[in-house]
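A quick write-up on the structure given underneath.
The values are calculated or read from the model by the stated rules, or taken from the named source; none is laboratory data. Treat the numbers as computed from the prediction; the structure is a model and nothing was measured. Reconstructed Cβ throughout: ideal geometry from the backbone, glycine too, with neighbour counts over all protein chains shown.
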Amino acid sequence: MINGIAIIGIFFALFMGYYTFIKFKRKEITTNQSVFWGLVWTSIIIVVLIPGKISDFLDQFQIARALDLIVVLGIVFLLAVTFYLFVRVNKLKNKLNDLVESLAIKKAQKNENSFCA
Amino acid sequence: MENNTVAVIPSYNEDKTINKVIEETLKHVSSVVLVDDGSKDKTEDVLENEYQGRLYYLRHPINMGKGAALRTGVRFAAKLGATRVVLLDADGQHNPQEIPRFLAKLNEGTELAIGARKKDGNMPFSMRSGNLFLSRLIQLLFGSHVEDTQSGYRAFEITNASKLIWKSNDYFVETEMLIRAEKNKLKVRELPIATIYHDSYKGTTFIDGIKIFFNIIKLRVYD
């Protein structure tokens, strides 16, 4: 018997699979990237459809519920993404600083003889 | 070496006061480096042509923040061969006639001279209380003795610039400069200056104060 949350999970995974496919066809993501994300969406459908089998598998790792595993993995993933974005934003900020500063100084040096009031 | 004092003035939408500030400042320094931080008013247009080559105008194509403007200005001043740098604001809050007192402090061996405003009725209550809180916090966390940690009226020798240079682009620049001075054990001294506020709503806001608070903690724990 598939419950409400499972239906939502399946529809979400199907929608994301379709979205991934469109991005692949438009060449906005590579083949490897679309395969990776395809596997992610497929695994969500599997977990939703056969929770019993998944529970048997998780018991071996002493994980009580699949939902707990998903939540923990989700939090870990979000933390990793946050750190990655933090590093990227810092890098961009430094590049912007350098660019604006050098533009201002170069222009002033260029105009030194013509502008200086 | 003969002293070549350069004033660095960061400016954002101060077309009404900028000429007066430059004119008064040039009476006490060799040259002025004005960093227009992406102003949307008539700052570039109103600059007068009577400064006889002693004004250097730099413009950020976009607004980056006071800290970024000061950093650009100080780096340019170093390229000009400045031996000393005076930092002051473009809005008339800092009286250029007090520059000789800053230079005298540097002559005494001070490595970072900071103008300390009297916390009287001229300073808006929100600024007074925020300033007091942040100053006490910096004193506690970094052992600083400075009373007015948020004052932007400062002077230092260019040789100390590398020990002071800041990463922040925004109003945290003053705090970061002071913290770096304390961390690098520079001799920091204050001198009293006039408290002038033309507009209570310009400058640092309560939200800036919150950002400064968290940045202070970050510099203590994380830097």
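Does B:Val86 satisfy the criteria of being under 26 Å from B:Ile212 (Cα atoms), of a type in the set (Val, Ile, Thr) and not in a strand (DSSP E or B)?
Against the criterion (under 26 Å from B:Ile212 (Cα atoms), of a type in the set (Val, Ile, Thr) and not in a strand (DSSP E or B)), B:Val86 does not qualify.
Give the residue, chosen from B:Arg75, B:Arg71, that is assigned to a helix (DSSP H, G or I), surrounded by fewer than 24 Cβ atoms within 10 Å (Cβ to Cβ), touching a helix residue (DSSP H, G or I) at 6+ places or on another chain (Cβ under 9 Å) and within 14 Å of another protein chain (Cβ to nearest Cβ).
Details: B:Arg71 fails: surrounded by fewer than 24 Cβ atoms within 10 Å (Cβ to Cβ).
None of the other options fit; the residue is B:Arg75.
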Item to check | Unique residue being in contact (Cβ under 8 Å) with a residue 12 or more places away in the chain, crowded, with 24+ Cβ neighbours inside 10 Å and in contact with a Gly (Cβ under 9 Å, 6 or more places away or on another chain) when the list is B:Leu112, B:Leu87 | outcome: B:Leu87
Checklist outcome for this item: Only one of (1) surrounded by fewer than 18 Cβ atoms within 10 Å (Cβ to Cβ); (2) of a type in the set (A, V, I, L, M, F, W, C); (3) at pLDDT 95 or above does not apply to B:Leu132, and that is (3)
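Residue-wise test of (1) surrounded by fewer than 17 Cβ atoms within 10 Å (Cβ to Cβ); (2) facing another protein chain (nearest Cβ under 8 Å); (3) part of a loop (DSSP other than H, G, I, E, B).
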{"position": "B:Lys16", "(1), (2), (3)": "yes, no, yes"}
{"position": "B:Ile22", "(1), (2), (3)": "no, no, no"}
{"position": "B:Val33", "(1), (2), (3)": "no, no, no"}
{"position": "B:Gly38", "(1), (2), (3)": "no, no, yes"}
{"position": "B:Asp45", "(1), (2), (3)": "yes, no, no"}
{"position": "B:Glu48", "(1), (2), (3)": "yes, yes, yes"}
{"position": "B:Tyr51", "(1), (2), (3)": "no, yes, yes"}
{"position": "B:Tyr56", "(1), (2), (3)": "no, yes, no"}
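Can you find a residue that is within 12 Å of the chain's Cα centre (by Cα) and either acidic (Asp, Glu) or within 14 Å of B:Ser39 (Cβ to Cβ) (or both) anywhere in the stretch B:74-87? Please lay out each step first, then the result.
From the stretch B:74-87, those within 12 Å of the chain's Cα centre (by Cα) are B:74, B:85-87; that's our starting set.
With the extra rule that they be either acidic (Asp, Glu) or within 14 Å of B:Ser39 (Cβ to Cβ) (or both), the set shrinks to none.
Looking through the stretch B:74-87, none of the residues is within 12 Å of the chain's Cα centre (by Cα) and either acidic (Asp, Glu) or within 14 Å of B:Ser39 (Cβ to Cβ) (or both).
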Next on the checklist: Between B:Ile216, B:Ile179, which is touching a helix residue (DSSP H, G or I) at 6+ places or on another chain (Cβ under 7 Å) and more than 24 Å from B:Arg75 (Cα to Cα)?
Outcome noted: B:Ile216
